[in-house]
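These notes concern the structure reproduced below.
The values are calculated or read from the model by the stated rules, or taken from the named source; none is laboratory data. Note that the structure is predicted; figures quoted are calculated from it, not measured. Neighbour counts are summed over all protein chains in view; Cβ atoms, including those assigned to glycine, are modelled from backbone coordinates with ideal geometry. Surface accessibility is based on the protein's heavy atoms, side chains included, excluding ligands, DNA and RNA. Shrake-Rupley method; radii C 1.70, N 1.55, O 1.52, S 1.80 Å.
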Amino acid sequence: MSSQEMYDILEERIDGYTKSDTRRRDADQRKTYDEVFDHMALLRIYKLITSQVIETLDHPISTGKEGNVYRATSPDGTLLAVKIYRTSTATFRNIMKYIDGNPRYRNIPHKRRQLISVWAKKEYNNLSRLIKFKVSVPQPVHVSGNILVMEYIGNEFGAAPMLKDVPMEYPEELYMNIIEEYFKIYNTACLVHADLSEYNILLTEEGRLVLIDIGQCVVREHPEAENWLLRDLKNISRFFVRRGVAADWKNALKYIKADNDKNKFSI
Ligand SMILES: Nc1ncnc2c1ncn2[C@@H]1O[C@H](COP(=O)(O)OP(=O)(O)OP(=O)(O)O)[C@@H](O)[C@H]1O
Ligand SMILES: [Mg+2]
């Protein structure tokens, strides 16, 4: 396979991607594509296509600081989410603090690109662990270098909205469900989310809450785990207080720490 043939296939399968004719695209879009699809990323996407993990990379769902998330379609037509981490210095600095001090990641690589791959693998492993303990997160499908493929949360018309953007009829119920999810994260999967907020929880039209952005999750033994647990509960409680719920992070903490799954959490 010549590299020209590879690019031909990629042009066909990645929406909006053109290697040869960049003039047709506007400067912003070109920047995003060039930053995310460096040569390594293109090789990996090509591999995902030839190994039949995905058939097409359809369109961006989100372009964030640390990476972009795309909707993709598998050969059998299932929709998937593909998260491609940026391999930039800023991303590198930000993720170090979640890897340092984590007993599972003692031999961390020093090269930036390798570290981002460890980070993507970490998100994949965290998702697998949380799925095993029945926490509501996207099912992980595949990880390769800085690219993570997972279950797509949403429908054919679009990705499920973030909690911050949904009008809520029963906010109390949602708050209690999130604390119940956290109970499982902490007491059965033995992890701390460490970035829980209304931005990292999706709500499907069927009313299913899904926790996302699991890369920075740490084990309970991490020296900062207790601080991050508190920060998570404060963040989410503050959000629900603004939605009129009598949410008290201290009660949520007491419930989670009591580790008694016979009691349901209530406000
Ligand atoms: N599995 C998924 N299914 C559908 N949409 C998703 C999925 N994962 C992520 N998204 C969308 O992509 C956005 C960014 O994902 P995520 O929070 O995991 O990345 P991030 O690195 O935090 O990016 P950002 O810097 O934008 O916060 C989410 O807010 C959500 O809208
Ligand atoms: Mg996020």
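Please compute the per residue accessible area over the range 93-248 with all protein chains in place, 1.4 Å probe, rounded to a whole number of Å².
Values: 7240 Å² over 156 residues.
Per-residue accessible area for the range 93-248 comes out at 46 Å².
Taking only DSSP H segments of four or more residues, each worth -39500 (n - 2.57), what value at 222 nm results for the chain once the sum is divided by all its residues, to the nearest 500 deg cm²/dmol?
Details: 8 runs with 110 residues, N = 267.
Using -39500 (n - 2.57) per qualifying helix, the result is -13000 deg cm²/dmol.
At 0.36 nm per residue, and after removing the present C-alpha to C-alpha distance, how many nm does the segment from Glu156 to Ile9 gain when stretched out fully? Please report the intermediate quantities before stating the final value.
Details: separation 147, 0.36 × 147 = 52.92 nm, distance 2.41 nm.
Result for the pair: 50.5 nm of gain on full extension.
If packing is taken as the average count of other Cβ atoms within 10 Å, what order do 146-158, 229-241 fall into, highest mean first?
Numbers: 146-158: 18.1, 229-241: 19.8.
Most protected by this proxy first, the peptides run 229-241, 146-158.
Over the alpha-carbon set of the chain, divide Rg by the Kirkwood Rh and report the Rg/Rh ratio to two decimals. Can you show the working numbers first?
Working: Rg = 19.7 Å, Rh = 19.8 Å.
Here the Rg-to-Rh quotient is 1.00.
Please give the net charge around Gly77, taking every other residue with its beta carbon less than 11 angstrom from that of Gly77, where Lys and Arg add +1 and Asp and Glu add -1.
On the way: positive: none; negative: Glu55, Asp76, Glu156.
Net local charge, Gly77 excluded: -3.
Per residue, how big is the convex hull around the C-alpha atoms of the range 144-248? Give it to me in cubic angstrom, could you?
Details: hull volume 12.5 nm³, N = 105.
In the range 144-248, the Cα hull volume divided by residue count equals 119 Å³.
Can you give me the relative contact order of the chain as a percent, contacts being Cα pairs under 8 Å and 6 or more apart? Please report the intermediate quantities before stating the final value.
Values: 394 pairs, mean separation 37.3, N = 267.
In percent, rounded to a whole number, it is 14.
Springs between alpha-carbon atoms under 10 Å, Gaussian network over the chain: tell me which of Glu123, Glu55, Glu169 tops the mean-square fluctuations.
Largest GNM mean-square fluctuation: Glu169.
Mean 1/r over all different Cα pairs, inverted: what Kirkwood radius does the range 40-96 give, in Å? Walk me through the numbers before you get to the answer.
Values: mean 1/r = 0.0822 Å⁻¹.
Computed over the range 40-96, the radius equals 12.2 Å.
Kindly rank 216-222, 243-249 from highest to lowest mean number of other beta carbons found within 10 Å of each residue. Working shown, then result.
Numbers: 216-222: 19.3, 243-249: 15.9.
Per-residue Cβ counts within 10 Å, averaged per peptide and sorted highest first, yield 216-222, 243-249.
If r is the Cβ-Cβ distance from Thr18 to Ser62 and R0 is 30 Å, what FRET efficiency results, to the nearest 0.05? Before the final figure, lay out the partial values.
On the way: r = 22 Å, r/R0 = 0.73.
According to the calculation, E is roughly 0.85.
Where both residues lie in the chain, what percent of DSSP beta bridges are antiparallel, nearest 5?
Values: 30 of 31 bridges.
Rounded to the nearest five, the antiparallel share is 95 percent.
For the range 160-258, which whole-number percentage of the solvent-accessible area (1.4 Å probe, protein heavy atoms only) is attributable to carbon and sulfur atoms? Write out the running numbers ahead of the final one.
On the way: 2230 of 4400 Å².
Ligands and nucleic acids excluded, carbon and sulfur reach 51 percent.
Please give the length that would be gained between Asp259 and Asp38 if that part of the chain were fully extended, namely 0.36 nm times their separation in residues minus their C-alpha to C-alpha distance (nm, one decimal). Walk me through the intermediate numbers first.
Details: separation 221, 0.36 × 221 = 79.56 nm, distance 4.62 nm.
This chain segment gains 74.9 nm when fully extended.
Taking the chain as a Gaussian network, where each spring joins two C-alpha atoms under 10 Å apart, which residue of Ser88, Ser128, Ser51 fluctuates the most?
Sorting by GNM fluctuation, first place goes to Ser51.
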